[in-house]
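Taking it in order: structure first as structure tokens, then the write-up.
The values are calculated or read from the model by the stated rules, or taken from the named source; none is laboratory data. Quick caveat, the model's predicted, so the values are computed rather than measured. Methodologically, a virtual Cβ is constructed for each residue, glycine included, from the backbone with ideal geometry; neighbour enumeration extends over all protein chains shown. These area figures cover heavy atoms from the full protein model, side chains too; ligands, DNA and RNA do not enter into them. Shrake-Rupley method; radii C 1.70, N 1.55, O 1.52, S 1.80 Å.
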Amino acid sequence: MTRNIQSLERAAAMLRLLAGGERRLGLSDIASSLDLAKGTAHGILRTLQQVGFVEQDEASGRYQLGAELLRLGTTYLDVHELRARALVWTDDLARSSGESVYLGVLHQQGVLIVHHVFRPDDSRQVLEVGAMQPLHSTALGKVLAAYDPVAHSEALEADRTAFTGRTVCDADAFERILDVTRARGYAADVEETWEGVASIAAPVHDRRRMPVGAVGVTGAVERLRQDGELRPELIAAVRDCARAVSRDLGARRF
């Protein structure tokens, strides 16, 4: 059985204490609350202070949460802001397209689904919030890889598994797909990840014009394509949804 690292557990307990109690706490308060020797508590606080997770008030000598930890927390909240801003628009996209809608962000060399709107029919469906999708074969992943440099690097460095006979695994061919994605403003996945399933996705940007996620529709190939081509009205609807979410996040010229 894996053993926990005691110093990390103590550091986590210290951060929770600082987050949940008074605004600032002294060394004695922290040590006694966590049943630690003062020397041990001071060593952990000093380390947390060096990485910016804790700050010490010069006048009182008391400790509080640091700016770096708050910045990381804001990054987490940004995902929730993205989801909150997308709720109305993704619902509208599901109604107009008749298909499932997914909102994804880059996470651990893949696409983390942070919001999922069911296809508006009576079919049995499974909520996929929290599920992971690959970067190289899904429409959401290709969008992130095309617009986000970190996602791009991770997609190229990762093992690009062939899920179907249509999956593009070659690095040069994948780069060409990303070029096309940037040129036309959306990505597609036609049976590259799942047989019989197609997807269309477009990028979502924030007020800094940084890519913060991707939104798209997924459904049966025969519904998303007509005469062998992706339905242009679905492509337009996905891009309009992505622009609307981007505008709500403060982006301009979308």
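Looking across R207, R225, one residue alone is open to solvent by 20 Å² or more (accessible area, probe 1.4 Å) and in contact with a Gly (Cβ under 8 Å, 6 or more places away or on another chain). It is R207.
Of these, A145, A139, which one is touching a His at 6+ places or on another chain (Cβ under 7 Å) and among the aliphatic types (A, V, I, L, M)? Break it down into steps so the answer makes sense when it comes.
Details: A139 fails: touching a His at 6+ places or on another chain (Cβ under 7 Å).
Of A145, A139, the one residue that is touching a His at 6+ places or on another chain (Cβ under 7 Å) and among the aliphatic types (A, V, I, L, M) is A145.
For the condition surrounded by 12 or more Cβ atoms within 10 Å (Cβ to Cβ), assigned to a strand (DSSP E or B) and in contact (Cβ under 8 Å) with a residue 60 or more places away in the chain, A201 qualifies. Looking across region 228-254, the residues that are open to solvent by less than 20 Å² (accessible area, probe 1.4 Å), in a helix (DSSP H, G or I) and either closer than 19 Å to A84 by Cβ or without any contact (Cβ under 8 Å) to a residue 24 or more places away in the chain (or both) come down to C241, A242, A244, V245, S246.
Of everything in region 95-133 that is touching a residue at least 40 places away in the same chain (Cβ under 8 Å) and not in a strand (DSSP E or B), the residue that is farthest from V238 (Cα to Cα) is Q109. Answer yes if at least one residue in region 32-46 is in contact with a Phe, Trp or Tyr (Cβ under 8 Å, 6 or more places away or on another chain) and either assigned to a strand (DSSP E or B) or open to solvent by 70 Å² or more (accessible area, probe 1.4 Å) (or both), and no otherwise. The answer is no, given that none of the residues of region 32-46 is in contact with a Phe, Trp or Tyr (Cβ under 8 Å, 6 or more places away or on another chain) and either assigned to a strand (DSSP E or B) or open to solvent by 70 Å² or more (accessible area, probe 1.4 Å) (or both).
For region 54-64, a tally of residues being touching an Asp or Glu at 6+ places or on another chain (Cβ under 6 Å) and either part of a loop (DSSP other than H, G, I, E, B) or among the hydrophobic types (A, V, I, L, M, F, W, C) (or both) returns 0. Return a yes/no flag: does region 165-179 have any residue that is without any contact (Cβ under 8 Å) to a residue 24 or more places away in the chain, farther than 20 Å from W89 by Cα and not in a helix (DSSP H, G or I). Scanning region 165-179 turns up at least one residue that is without any contact (Cβ under 8 Å) to a residue 24 or more places away in the chain, farther than 20 Å from W89 by Cα and not in a helix (DSSP H, G or I).
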